[in-house]
Number of protein chains: 2
Amino acid sequence: MLQVSRRLIKGDRRSLSEAISMLERGNPQGTVILRDVFVHTGRSYCIGITGPPGAGKSTLTARLTSAFRGAGCSVGVIAVDPTSRHSGGAILGDRIRMEAHYLDSEVFIRSMATRGSQGGLPRIIKGVVRLLDAGGKDVILVETVGVGQTELDIMGVGDTVIVTLVPEGGDSIQAFKAGLMEIGDIFVVNKSDRPGADQMVAIINSFVGTGDSKGSWTPPILATQATSGQGISRLYEKLHEHRAYLSSSHQLEERRRERRAGEFFEVLQEGLGLKLRELLNVNHRLAALSDEVKRGKLEPYSAGMKLLEQVSLDLLFHRMKSI
Amino acid sequence: MLQVSRRLIKGDRRSLSEAISMLERGNPQGTVILRDVFVHTGRSYCIGITGPPGAGKSTLTARLTSAFRGAGCSVGVIAVDPTSRHSGGAILGDRIRMEAHYLDSEVFIRSMATRGSQGGLPRIIKGVVRLLDAGGKDVILVETVGVGQTELDIMGVGDTVIVTLVPEGGDSIQAFKAGLMEIGDIFVVNKSDRPGADQMVAIINSFVGTGDSKGSWTPPILATQATSGQGISRLYEKLHEHRAYLSSSHQLEERRRERRAGEFFEVLQEGLGLKLRELLNVNHRLAALSDEVKRGKLEPYSAGMKLLEQVSLDLLFHRMKSI
């Protein structure tokens, strides 16, 4: 076991930080660490907080951090930040909102940039959740931007998913209802002092009421004002209720199983994509083909499909050794 | 050449519609049609319209459609609709906004759902653009939701990209500035009768002024009110200016070359992913591995990476025939 892994599972913040950076940068040691610490994972409770930009997700995250700290839980926060190219530091707004927590040794905060991560961000986030888990955080909050384009949004993270909306969203709820409505275990109408909050609750209710994908759990819809703290204690209660529901109905383990399988697939798919990109430069015949496409001699879609017809992926894994 | 291809390039709407549906459904004939019509493409001018939900993109699209129709151009509209699972029909809001154009035989409108498309949507949209191009549309407008998560948003479509924001966005501009600021050739602050429009223009200006990625083109920032039509004629002018700039600086062809190469890669990457998904069910050793991951015996990330180490993609394309 690597020294950094050993330290990480003992709760060393610096090693945790280092391991996350390795994962982000694609350093192969990051992978080794993940394997090292795997047996020490599974005890954290992970909460995803998503919604459109400007819904107050960061403030809500800060409030929930306080609530969990008040109950004696250690907290890990991952803020997925579409702003900056470089990761590691929180952006100004978040810094202010999270200020109270920066000096708390039981809170670990990490901002991650969506840019420049070569498409692997969802996978990396899952890895970071696992590292925080191994590092002994009782609760992990993952804050991401989402507009309900299910296949594009970063999700599938979180035992419980909080979807955060604002009253004015009624205007654009058409635009994201399907995706966000399906992934929410708890809905929050934040900034509920603004006009339209009641209508927004009613709109969400009309969608939530019709679905049955959540089993016997009916997602509650809560009005909050994260800046003043109103509604937070109720949200905190609902989080506990949902967790208890997941455990008693054995859905917690089932969700986690599916997540692991999905993650395995993602890693493979992404890896094949990277290998393909390399190959396009190295393999002469592929490069020639790509060039023909570029020059408009071949139609890209049909050329790609034609090429794929000739390819049997089975070959790749033929001489697979044990892992 | 398929009959549907022949009819499509003669401008038959029904064949165009049919071809798009085939592409969406993954019908192999869709690929054949794309190849058939490829030599008849390249004459359309494609405009991407993106921005967060609620920015008024649909209304803007309807206005631009009118403007181009007024100049005698035929118009194709692709509205990427994150709402519904099934494609083909526009959602209510769009229907109302585009009402005037539905009876116009020189306007072809198509809504596409982001859901249930198994991740291939960006690729499919590019195919649809090509079909509309072959179908003789002079101008193609592609409306997509974007919050600036560059790697996730649907982009890379459009010779010219219009980024649409609203005055209140100032609050959340932190959240999307990086991504959206870089892709915009023209910025629009829509709903500019609302308070904060001037500040929003100033904020965008401060970002746009610093970049030089657009060569000698400085992206203009326009205030519009799409519902009343204010500012649209100016936007229309700027579109022509940008097109002229792209042509004279040879960037139009260069952008299109890069797009074609990117599309080829995307098709291959996605195809490999689909093959992998199949293989996970069929290949016994892979399936066993995936099951171990699911049951928590193996860490998904490192198991995937370990497997990838053993894989040489070169093998796949070894016996590649000509295309």
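The values are calculated or read from the model by the stated rules, or taken from the named source; none is laboratory data. Since this is a predicted model, take the numbers as computed values, not measurements. Backbone-built Cβ (ideal geometry, glycine too); neighbour counts: all protein chains shown.
Things worth noting here:
- Within segment B:18-30, restricting attention to residues that are of a type in the set (S, T, N, Q) and touching a residue at least 24 places away in the same chain (Cβ under 8 Å), the residue that is nearest to B:Ser74 (Cα to Cα) is B:Ser21.
- Counting only residues that are crowded, with 21+ Cβ neighbours inside 10 Å, within 8 Å of chain B (Cβ to nearest Cβ) and not in a helix (DSSP H, G or I), segment A:33-47 holds 0 of them.
- Any hit, segment A:82-104, residues being modelled with pLDDT of 85 or more and touching a strand residue (DSSP E or B) at 6+ places or on another chain (Cβ under 8 Å): no
- Residue check: A:Ser5 meets all listed conditions (1) part of a helix (DSSP H, G or I); (2) out of contact with any Asp or Glu (no Cβ under 9 Å at 6 or more places or on another chain); (3) not β-branched (Val, Ile, Thr) but one, namely (2).
- Helices (runs of 4 or more DSSP H) wholly inside segment B:209-303 that include at least 1 residues being more than 11 Å from chain A (Cβ to nearest Cβ) and aromatic (Phe, Trp, Tyr): B:232-248
- Taking first residues from segment B:1-17 that are touching a residue at least 60 places away in the same chain (Cβ under 8 Å) and closer than 19 Å to B:Val107 by Cβ and partners that are of a type in the set (Phe, Trp, Tyr) and crowded, with 20+ Cβ neighbours inside 10 Å, the Cβ contacts under 7 Å between residues at least 6 apart in sequence or on separate chains come to B:Arg13/B:Phe108; B:Leu16/B:Phe108.
- Filter pass, A:Ser21 being of a type in the set (Gly, Ala, Ser), at pLDDT 95 or above, part of a helix (DSSP H, G or I) and at negative phi: no
- Boolean, B:Leu274 is surrounded by 12 or more Cβ atoms within 10 Å (Cβ to Cβ), touching a residue at least 12 places away in the same chain (Cβ under 8 Å) and within 16 Å of B:Gly184 (Cα to Cα): no
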